[in-house]
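Engineer: Pasting a structure here, questions to come.
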Amino acid sequence: MAFSTVRKSFAVAALAAVAAAQSTCDLVGSQTSIDSYKRFQIDYTSEQSEYWSTACSDLKPSCILMPTTTQEVAAIVSILAANNESFAIKSGGHNPNNYFASIDGGPLISTKKLDQVILDPVAQTVRVGPGNRWDEVSGALDGSGFSVVGGRIGNVGVGGYLLGAGLSFMSTEYGWAANSILEYELVLANASVVSVTESNHPDLFMALKGGGSNFGIVTSYLLQAYPQGDVWGGNLIFDATPEISKAMLAAVRDFTENYDDEKAGIIVTAERTLATLVDLWVIFLYYNGPEPPEGIFDKFFAISKFKINTCKTQSMHSLLSGNNWAIVKGSVYTIGTETMPLPNEANGAEVMQKIFDHWVDVSNKVQLVPGLIASIAFQPLPKKLAQVARAKGGDMLDVDDDIDRIVLELDYSFVSNLSYPKIDQTMRDTYGGFKTIVEDYQDSGLLPKDVYLPLFQNDCFYPQDYFGRLKPEKMALARRVQAEVDPKGMWKTRTDGFKIPSEY
Ligand SMILES: Cc1cc2nc3c(=O)[nH]c(=O)nc-3n(C[C@H](O)[C@H](O)[C@H](O)COP(=O)(O)OP(=O)(O)OC[C@H]3O[C@@H](n4cnc5c(N)ncnc54)[C@H](O)[C@@H]3O)c2cc1C
């Protein structure tokens, strides 16, 4: 595959010659006009506070580089290519895995200033810089009559979310967010800039759709725009009594199987504040229209005694920014996931309850960890989503429509990093237990056997084998593309994240 250089910084060659001897931070600071911030400068401190997890904020980069153009990103990569420093790339900082978008001692490239949102209403596209958050994108599009497929909580960053495929409220209508990406502008390890489309670089285009940060730095995404009017949505909040939990698990199972209307979306989460033993169900509801038709969410509204109902007709921007209440900063966060086949109605109560009870049992064991909050999200991955994702050209996940699935997402948050090792094990025990439960039910016939259950990258804990759970042909494609675009392994060996395992 020939990767033509679209643009290249004129300063690159000269800079590279001296880069080997000096650190990237020193060189960028002294030899370029790229914005570079050191510890104790206001921009450094402010950018460091923009992580979801305080454990990421605690890692201190040697400098934070904030390029404003693609050419500046290419100049930084060129300097990096001539030395061996580890580095990190950060968009919204919402991935809580330490060292993914954070670093201790090396340069951090923040995409914050690559923040364009440019709507072309005629072509029905939006060019979006990775420095945006989804509420900034929806804010810029507010009133335009268009939207894009993106995050469900506004504060999440564009850059990492899209590289992990992206699960959206609109996913059953339009697929993973990545299925609506038409072009990636990408800086490769050799500092060349390529425009990656389906027609000019089909394998790289596919690899980027859920392949994570293994191929370069994305400096802008060209997204398909969709006509957008008002939406309906908000939250329902319930106490998690045993009766309500039973009804909620039945409702989410039923919703996933009988997903009649692709305009509907939900996230069903349970939260436990263990010190105070406050247990809640928090449901995020969405409908792409001013009111949901009767029937769609009835099972949730039929569950008695919800404490709070914020659902209303509003703009997409209002919904996404309103959902930001769910982001509580000031804690260390961990995230993890497992994917389960949806049980049929006859087996649903037993299987769903077993999953829920396992989560309760494991989280009970860490209730003395200061400030511990445990949450689990049941996220429908219906056959319809798989169908539309494939119809739009596919992606690395390549989910089939043989079965409906549920993506389980776990979070544990806590006050002090000292508790990390304990929670690290707890997280592994929780998703590891889910896998065992699923396998046992497959063996006993209560869940379908021999089905494809990939992990959803955006919800993975750092040790989870994202690539190993993909289909072998997708793993092979990722390896092949990586060898072509990054033969020296710059992203593989010098940045953290979900890496493509070597062939044994
Ligand atoms: C409150 C909350 C809600 C969430 N909701 C959703 C949801 O609805 N749907 C969903 O799919 N996910 C969701 N997520 C998960 C989220 O998508 C991932 O954590 C994602 O990685 C965050 O994107 P970011 O840009 O903020 O990431 P960052 O933490 O900045 O980066 C994540 C990874 O991407 C890399 N990266 C970032 N930008 C670039 C770039 N331009 N080029 C190359 N590599 C880059 C980083 O190096 C890092 O490895 C949620 C997370 C949180 C905390």
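Engineer: Excluding Phe498 itself, calculate the net charge of residues whose Cβ lies under 12 Å from the Cβ of Phe498, where each Lys or Arg counts +1 and each Asp or Glu counts -1.
Structural biologist: Working: positive: Arg469, Lys492, Lys499; negative: Asp459, Asp465, Asp496.
Combined, the nearby Lys, Arg, Asp and Glu give 0.
Engineer: So, one more: What order, most packed first, do the peptides 291-297, 54-60, 210-216, 161-167 have when packing is the mean number of other Cβ atoms within 10 Å of each residue?
Structural biologist: Ranking, from highest mean packing down: 161-167, 210-216, 54-60, 291-297.
Engineer: Another one. What list do you get for Ser171, Ser49 if you sort them by fewest beta carbons within 10 Å?
Structural biologist: The order, fewest Cβ neighbours first, is Ser49, Ser171.
Engineer: Just to be sure I understand the model, the point goes 7 Å from the Cα along the line to the Cβ. What's the resulting Val415 to Val122 distance in nm?
Structural biologist: It is 6.0 nm.
Engineer: Using mean Cβ contacts within 10 Å as the protection proxy, how do 476-489, 422-435, 69-82 order, highest first?
Structural biologist: 69-82, 422-435, 476-489
Engineer: Enumerate the lysines that Lys305 could reach by cross-link, defined here as Cα to Cα under 17 Å, with residues fewer than 8 away along the same chain left out.
Structural biologist: Of all the lysines, those that pass the test against Lys305 - Cα under 17 Å, at least 8 places apart if same chain - are Lys246.
Engineer: Which values of log₁₀ I(q)/I(0), to two decimal places, follow from the Debye formula for region 12-110 at q = 0.15 Å⁻¹ with a uniform point scatterer at every Cα?
Structural biologist: So the normalised log intensities are -0.54.
Engineer: Another question, then. Counting only helical runs of four or more DSSP H residues, what would the 222 nm mean residue ellipticity of the chain come to if each run contributes -39,500 (n - 2.57) and the total is spread over all its residues?
Structural biologist: Here the helix-only value at 222 nm equals -9500 deg cm²/dmol.
Engineer: Pairs to check: Lys113/Lys263; Lys209/Lys312; Lys209/Lys383. Give those whose C-alpha atoms are more than 30 Å from each other in this structure. Each step should come with its number before you reach the end.
Structural biologist: Values: Lys113/Lys263 33 Å; Lys209/Lys312 33 Å; Lys209/Lys383 19 Å.
Long pairs (Cα-Cα over 30 Å): Lys113/Lys263; Lys209/Lys312.
Engineer: Moving on. Of Leu455, Leu249, Gly371, which is farthest towards the positive pole of region 231-459's charge dipole, taken about the Cα centre with +1 and -1 on the beta-carbons of Lys, Arg and Asp, Glu respectively?
Structural biologist: Gly371
Engineer: Can you spot the aspartates and glutamates whose alpha carbon is less than 17 Å from Lys488's alpha carbon? Ignore those fewer than 8 places along the same chain.
Structural biologist: Glu85, Asp496, Glu503
Engineer: By count of other Cβ within 10 Å, fewest leading, how are Ser62, Ser33, Ser91, Ser195 ordered? List each step's numbers first, then the result.
Structural biologist: Values: Ser62 18, Ser33 11, Ser91 27, Ser195 15.
Neighbour counts put them in this order, fewest first: Ser33, Ser195, Ser62, Ser91.
Engineer: Another question about this same structure. Treat every Asp and Glu Cβ in region 169-323 as -1 and every Lys and Arg Cβ as +1, leave all other atoms uncharged, and give the resulting dipole magnitude about the Cα centre to the nearest 20 debye.
Structural biologist: Here region 169-323 has a charge dipole of around 480 debye.
Engineer: By counting other Cβ atoms within 10 Å of each Cβ, how are Ile327, Ile376 ranked from fewest to most?
Structural biologist: Details: Ile327 12, Ile376 21.
Ranking Ile327, Ile376 by Cβ neighbours within 10 Å, fewest first, gives Ile327, Ile376.
Engineer: If you don't mind, there's one more thing I want to ask. Before anything else, pin down the relative contact order of the chain: Cα pairs under 8 Å, at least 6 apart, normalised by residue count, whole percent.
Structural biologist: Values: 1113 pairs, mean separation 81.5, N = 504.
Value for the chain: 16 percent.
Engineer: To the nearest 20 debye, what is the magnitude of the charge dipole of the chain about its Cα centre, counting +1 on the Cβ of each Lys and Arg and -1 on the Cβ of each Asp and Glu?
Structural biologist: Values: 41 positive and 58 negative charges, 239 e Å.
About 1140 debye.
Engineer: Where does the charge balance sit around Asp443 when Lys and Arg score +1, Asp and Glu -1, over other residues with C-beta under 12 Å from its C-beta?
Structural biologist: -2
Engineer: If you check each cysteine of the chain for another cysteine whose beta-carbon is under 4.7 Å away, which ones come up empty?
Structural biologist: Cys56, Cys311, Cys460
Engineer: Relative contact order of region 134-213, please, whole-number percent, based on alpha carbon pairs below 8 angstrom and at least 6 residues apart. Let's see the in-between values first.
Structural biologist: Details: 103 pairs, mean separation 20.2, N = 80.
The value is 25 percent.
Engineer: Then there's this: Helix 472-485: angle to the longest alpha-carbon principal axis of the chain, degrees 0 to 90, nearest 10?
Structural biologist: With both axes taken from Cα atoms, the answer is about 20 degrees.
Values in this text are rule-based calculations from the coordinates and carry no lab data. Predicted model only: the values in this text are computed from it and were never measured. Here Cβ is always computed from backbone atoms with ideal geometry, including for glycine, and neighbour counts include all displayed protein chains.
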